[in-house]
Amino acid sequence: MSIYLLLFLEFFKMGALTFGGGYAMIPFIEETVLSHGWLTTGELVNFIAVSESTPGAFAVNISTYVGSEVGGLFGSLCATVGLVLPPFVIILIIAKCYEKFKESLIVRGVMLGLKSTVVGLIGATVLKVGYEVLFPLGFSFENFGTELLTGNFWFIIVVFAVMLFLLLYKKLNPILIIVLSAAAGILAGYTGLISV
Amino acid sequence: MKQKLKLYLQLLLTFMKIGVVTFGGGYAMIPIIENETSKKKKWIEPDDLIDVIALSESTPGPISICAATFIGYKVAGLIGAFCATLGVVLPSFVIIYLISLFLRRFEEIRIVRYAFFGIRAGVLALLIKAVISMFKKSPQNIVAYVIMAASLIAVAFFSANVIIVLLSAAVIGLAATLIAKKRGHEL
């Protein structure tokens with residue numbers, strides 16, 4: 001299959017199947033980009049930061065980015081159009097019969113399932129990303145005390161805890177979170193606390 | 001005809017503006033969409049806007065795309081929907097395309113590597129916050145909790161296929177809702 005058609009189809013599937021927007025799409029994106037070898041988990045995490053610091057919806061941004069990485073300008077067009085097409089068509093259809101749609105028991109039932117599963121799916125992604133970030137070399141009990149508990153590990157733990165606190169209790173803006181954790185990384189890098 | 005063309009152009013430009021100023025996307029966009037399309041342009045009633053949000057929650061795709069398509073369609077039909085959706089996507093498409101041209105090389109610079117290492121910890125915190133707020137917005141009943149737990153375990157520990165998990169969840173949710181209805185109560 002041509003790479004352009006593949007990009008279009010993969011992002012079309014995402015556009016058609018991910019409810020809730022934003023990060024709800026991450027589990028799906030992760031599975032897709034990893035299985036095709038388009039991005040690594042590390043690159044995906046970096047891109048989440050880029051997307052938070054630039055305008056627009058995460059789903060649109062990631063489709064444009066992956067498309068461009070894999071197939072240049074035309075690739076990014078195929079991926080983005082693929083992503084946008086399903087919601088565009090579905091909304092056009094529903095706009096005509098919105099009242100009926102809202103009352104429908106079938107829609108309510110399907111939504112009950114989809115809204116709940118998205119929570120579990122993002123939870124799974126957090127576990128996977130968390131594992132990658134904390135143990136980039138993998139985890140095993142033999143090397144637990146020595147190789148795992150390095151400066152890198154403690155740095156991540158501390159910065160993560162501080163950022164989570166600032167997000168949940170100080171309601172800090174995501175862009176500020178990214179800026180602060182980048183600053184922490186630069187500081188730790190140049191003082192030799194971490195080795196990257 | 002001239003008036004129609006003017007309206008299409010207005011839709012395109014207004015949604016481009018919305019696309020440019022909303023960082024992070026998602027619900028951050030709602031107040032801006034309201035300000036631009038309801039308060040300034042009178043294209044849509046505030047009540048209808050609430051419907052748009054509910055609608056985009058129960059249809060796939062990003063909220064900004066759904067809102068642009070819906071409002072564009074209400075204001076100027078199919079071409080209106082097209083102009084508004086194009087407008088909201090265009091700014092981030094251009095920006096991200098330009099970034100993609102140099103991001104890989106940029107990531108190799110030493111100071112950037114350090115910065116991205118720190119950012120990993122920050123992104124992990126952002127993801128946890130996303131889980132918490134998604135949980136708060138989702139249905140709160142036993143069926144919902146079981147689906148959440150089952151999909152988490154299936155994907156995290158058994159590498160289940162995400163599409164299959166989504167489809168099974170939809171079927172289970174539908175079945176549970178219909179059964180509950182038959183027995184005379186609501187989920």
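Quick notes on this structure:
- Between B:I50 and B:E108, the simple spin-label model (points 7 angstrom out along Cα→Cβ) gives 5.5 nm.
- Cα-Cα over 20 Å, subset of A:K96/B:K136; B:K137/B:K182; A:K102/B:K74; A:K96/B:K74: A:K96/B:K136; B:K137/B:K182
- Multiplying each eigenvalue of the alpha-carbon gyration tensor of the stretch A:141-196 by 5 and taking the square root yields semi-axes of 25, 15, 6 Å, largest first, rounded to whole angstroms.
- Based on every Cα atom in chain A, Rg and the maximum pairwise Cα distance Dmax equal 19.7, 63 Å.
- Relative contact order of chain B, pairs being alpha-carbon contacts under 8 Å that are 6 or more residues apart, as %: 19
- Computed magnitude of the charge dipole of the protein assembly as shown (debye, nearest 20; Cβ of K, R +1, Cβ of D, E -1): 1080
- Relative contact order (percent, whole number), the stretch A:85-196, Cα cutoff 8 Å, 6+ residue spacing: 18
- Here the extension length gained between A:S195 and A:F135 equals 20.2 nm, from 0.36 nm per residue of separation less the Cα-Cα distance.
- Within the stretch B:138-187, all pairs of alpha-carbon atoms sorted by distance into 10 Å bins from zero give the percentages 25, 49, 21, 5.
- Under the criterion of Cα pairs below 8 Å and six or more residues apart, the relative contact order for the stretch A:3-134 equals 37 percent.
- Ignoring aspartates and glutamates fewer than eight residues from B:K17 along the same chain, the ones with Cα atoms less than 14 angstrom from its Cα are B:E34, B:E36.
- Over the residues of chain A, the helix contribution to mean residue ellipticity at 222 nm works out to -26000 deg cm²/dmol, using -39500 (n - 2.57) for each DSSP H run of at least 4.
- For the protein assembly as shown, the Cα gyration tensor yields ellipsoid semi-axes of 35, 26, 19 Å (square root of five times each eigenvalue, largest first, whole Å).
- Distance (nanometres) between label positions extended 7 Å along Cα→Cβ at A:S53 and B:N35: 2.4
- Shape analysis of chain B based on the Cα gyration tensor places the equivalent ellipsoid semi-axes at 33, 30, 14 Å, largest first.
- Calculated [222 nm] ellipticity per residue, helices only, for chain B: -27500 deg cm²/dmol; basis is -39500 (n - 2.57) per DSSP H run with n ≥ 4, divided by all residues, nearest 500.
- Computed lengthening from B:K17 to B:I79, 0.36 nm per intervening residue step minus Cα-Cα distance: 20.5 nm
- Cα lying deepest toward the dipole's positive end in the stretch A:3-134, options A:G72, A:C97, A:G15, charges on Cβ: A:C97
Where a number appears in this text, it was derived from the coordinates with a stated rule and is not lab data. Please read these numbers as outputs of a predicted model, since none were measured by experiment. A quick note on method: Cβ atoms are made from the backbone with ideal geometry, for glycine too, and the neighbour counts reach across all protein chains shown.
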